Structure formats: C-alpha cells, structure tokens
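**Q** Here's a structure for you.
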Amino acid sequence: MLLKNVQPALEYLRKSPVVSDLRQHTYLSTYPYLLKLAQVNNMKIDHLSQLTLMVYGWMPRTLRIDNTYLASTLNAVKAASKTSLNDFDSVPIQNIANCLRSVVGASKLLHFINPKVYPIWDSKIQAFRGFPTRNSNMQRMDNYLAYVRDVHAIVEEKGFNNFYTQFNEAYRERLEQSQIEVYKVGPLRAIELSVFELASRACQR
C-alpha cells in the first residue's frame, strides 16, 4: 500500500462532506474523547477494563475479556504506551489480542493507547490492501504488524506532508458541515480514515 493508493480519498471527502448516518456521526464525534481517556499515567486493570469496554462500544462487536491474559495485557498496554516506531514490534501485543480474542480489537485499543505508533486495522482495510479477510488471516498478528509498517512507510513517502495537510483541511470541512466539534487527526489516523473511505466506496459499487 502506497501514498498514491490513499490519495483518491481526498476527492471523496471533498465531494461528500456531510455525515448523515447517526452511527458514523457518533463514530467521528467521539474519537477525540476516547483518545483523551486513554492517556492515563500508571494504568491499572480496572481502568484497562473500562477502556476496552468503551473502545468496543465504539465498534460493532461484543467485548470478550479472557481474564487469563488480563495481567499480561496490562503490562503490554503500558509498554505499548511508551514504545516508538523503532521498537514497537518488541511489545508483546499478542497478549492483548489473546485477552480480547481479537487482533482487530487489539489494534483499536492500541491506537488509543499510542496513536502515533499503532493504526486501527480491520477487514475492510485488509481487503483494500488486497489480502484475504477470512478470520484466520485477521487473527494473525504478523498481518497486523505488516500493516503497521506499511502505514509508517506511507508517512515517510515524499509528498505525504502535502497529502496530510489537504486531508485535515477536507476533514475539518466534513466535521464542520456535520456539526461536529473540529479536531485534527494524526498521520496514522488520516491514512486509516482514507483507506476506510475508499474501501467503503468500493463496497457500494
């Protein structure tokens, strides 16, 4: 996946700025609140459980917490909150996926814990990238980590800064037109939203 693959999303954002679907409106408007709630020093198991409940309330899935992995997940989340692109794959995030019984769910939790390193991943994004989306593929952590690397590679591409500026301008217009309080998204979220926009359009054809 390259920058040229996600750039067409700008046109869709500009042509259809208003979000009328209530579920999508809620999804966009509550993102910054969840992001703020996730930024906690010295996280404990009760806060981790509360955060996962909120993240799963933000996505159309039922939360399943395997208590066997809860303590190791807390340690992994703490490590993930401090990691950088240089060593993100050394964090035992498989423990998080085991605890939630979902790599996709883990990606969403990780994004709110550290939005500068971990992008959100789901089957629509994987399909857009041209990979199989059956459950066995979506449950493989190496597939998610490959996506993380792809997204960061796009950020490093020449021309990304210009794309990112244009994206936030178009996104600001979407929020304003939809009467949602304006906020700016980070580079990884901009790419993920662009891919999701394009994947959703492809499904409508």
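The values are calculated or read from the model by the stated rules, or taken from the named source; none is laboratory data. Note that the structure is a prediction, hence the values are computed from the model and not measured. Neighbour counts run over all protein chains shown; Cβ positions are idealised from the backbone, glycine included.
**Q** For segment 122-179, list the helices (runs of 4 or more DSSP H) that sit wholly inside it and hold at least 2 residues that are without any contact (Cβ under 8 Å) to a residue 40 or more places away in the chain and of a type in the set (A, V, I, L, M, F, W, C); which are they?
**A** Values: elements: 123-128, 135-138, 141-156, 160-177.
Output list reads 141-156.
**Q** Among the candidates Leu10, Leu70, Leu53, Leu48, single out the residue that is in contact (Cβ under 8 Å) with a residue 60 or more places away in the chain, assigned to a helix (DSSP H, G or I) and not acidic (Asp, Glu).
**A** Working: Leu70 fails: in contact (Cβ under 8 Å) with a residue 60 or more places away in the chain; Leu53 fails: in contact (Cβ under 8 Å) with a residue 60 or more places away in the chain; Leu48 fails: in contact (Cβ under 8 Å) with a residue 60 or more places away in the chain.
It is Leu10.
Residues checked against (1) of a type in the set (S, T, N, Q); (2) under 25 Å from His152 (Cβ atoms); (3) at pLDDT 90 or above; (4) surrounded by 15 or more Cβ atoms within 10 Å (Cβ to Cβ):
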position: Leu35; (1), (2), (3), (4): no, yes, yes, yes
position: Leu48; (1), (2), (3), (4): no, no, yes, yes
position: Met54; (1), (2), (3), (4): no, no, no, yes
position: Leu63; (1), (2), (3), (4): no, no, no, yes
position: Ser72; (1), (2), (3), (4): yes, no, yes, yes
position: Leu85; (1), (2), (3), (4): no, yes, yes, no
position: Gln94; (1), (2), (3), (4): yes, yes, yes, yes
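**Q** Same structure again: Just to be sure, is Leu110 within 30 Å of Asn162 (Cβ to Cβ) and buried (at least 18 other Cβ atoms within 10 Å of the Cβ)?
**A** Answer is yes for this residue.
**Q** Every residue in segment 15-26 that is within 14 Å of Gln166 (Cα to Cα) and either surrounded by 14 or more Cβ atoms within 10 Å (Cβ to Cβ) or modelled with pLDDT of 90 or more (or both), please. Break it down into steps so the answer makes sense when it comes.
**A** In the first step, residues of segment 15-26 are kept if they are within 14 Å of Gln166 (Cα to Cα); the result is 15, 17.
Pro17, the sole residue that qualifies.
**Q** Hey, can you tell me all the residues within segment 188-205 that are farther than 18 Å from Tyr27 by Cα and touching a helix residue (DSSP H, G or I) at 6+ places or on another chain (Cβ under 9 Å)?
**A** Within segment 188-205, the subset farther than 18 Å from Tyr27 by Cα is 202-205.
Scanning segment 188-205 gives Ala202, Cys203.
**Q** Let me ask something additional. Please pick out the residue among Gly186, Gly159 that is under 18 Å from the mean Cα position of the chain (by Cα), modelled with pLDDT of 95 or more and under 21 Å from Arg14 (Cα atoms). Step through it out loud before you land on a result.
**A** Working: Gly159 fails: under 18 Å from the mean Cα position of the chain (by Cα).
Going through Gly186, Gly159 in turn, the sole match is Gly186.
**Q** Just need a number here: residues in segment 13-45 that are free of Cβ contacts under 8 Å to residues at least 12 places away in the same chain and over 27 Å from Gln179 (Cα atoms).
**A** The number of residues fulfilling the criteria is 3.
**Q** Another one. Anything in segment 107-121 that is assigned to a helix (DSSP H, G or I), touching a residue at least 40 places away in the same chain (Cβ under 8 Å), among the hydrophobic types (A, V, I, L, M, F, W, C) and closer than 13 Å to Glu192 by Cβ? List them, or say none. Don't jump to the end; show me each part of the working.
**A** Just the residues of segment 107-121 that are assigned to a helix (DSSP H, G or I), to begin with: 107-113.
Of the ones still in play, those that are also touching a residue at least 40 places away in the same chain (Cβ under 8 Å) are 108-109, 111-113.
In the following step, the residues that additionally are among the hydrophobic types (A, V, I, L, M, F, W, C) were identified as 109, 112-113.
Within segment 107-121, Phe112 is the sole residue that qualifies.
The rows are residues; the columns are (1) among the hydroxyl-bearing types (Ser, Thr, Tyr); (2) closer than 20 Å to Gln39 by Cβ.
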| site | (1), (2) |
| --- | --- |
| Leu63 | no, no |
| Thr68 | yes, no |
| Ala71 | no, no |
| Leu74 | no, yes |
| Ala80 | no, yes |
| Thr83 | yes, yes |
| Phe88 | no, yes |
| Gln94 | no, no |
| Gly105 | no, yes |
